[in-house]
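Please read the structure below before turning to the comments.
Please treat every number below as a calculation from the coordinates, not as lab data. All values reported here derive from a predicted model rather than from experimental measurement. Cβ placement follows ideal geometry from the backbone for every residue including glycine, while neighbour counts extend to all protein chains displayed.
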Amino acid sequence: MDESMLITIVVPVFNEEKTIGTVIRNLLELSLPAEVEREIVIVDDASTDETFSIISANHASTSPWVQQGR
C-alpha cells in the first residue's frame with residue numbers, strides 16, 4: 001500500500017517584506033521524495049510592513065501548498 005507523508009513547514013514572519021518571497025520560493029523548490037507532500041504555513045506576527053500583502057498577492061492565492069495566518 002502506497003502511503004504519502006505530509007511535511008508541514010511553519011514559517012513565523014515579522015516585517016520580512018524584503019526576504020519572504022525568496023524564502024517561499026526556496027521552500028517550494030525544495031526537492032522532496034515523491035511520496036512526501038509539503039504544506040507551508042506562514043504565520044505573520046502583526047507585521048507593519050508589506051509582508052502580509054506580498055504573501056497574499058504572490059503565494060497564498062497561487063500555490064495550494066502555501067497557507068497564511070495572522
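Worth a mention:
- Label-reachable residues, region 1-29, where backbone N falls under 15 Å from a point 7 Å from ARG38's Cα toward its Cβ: 5-12, 20-29
- Amide hydrogen neighbours beyond the local backbone of ILE9, cut-off 5 Å, H modeled: GLU39, ILE40, VAL41
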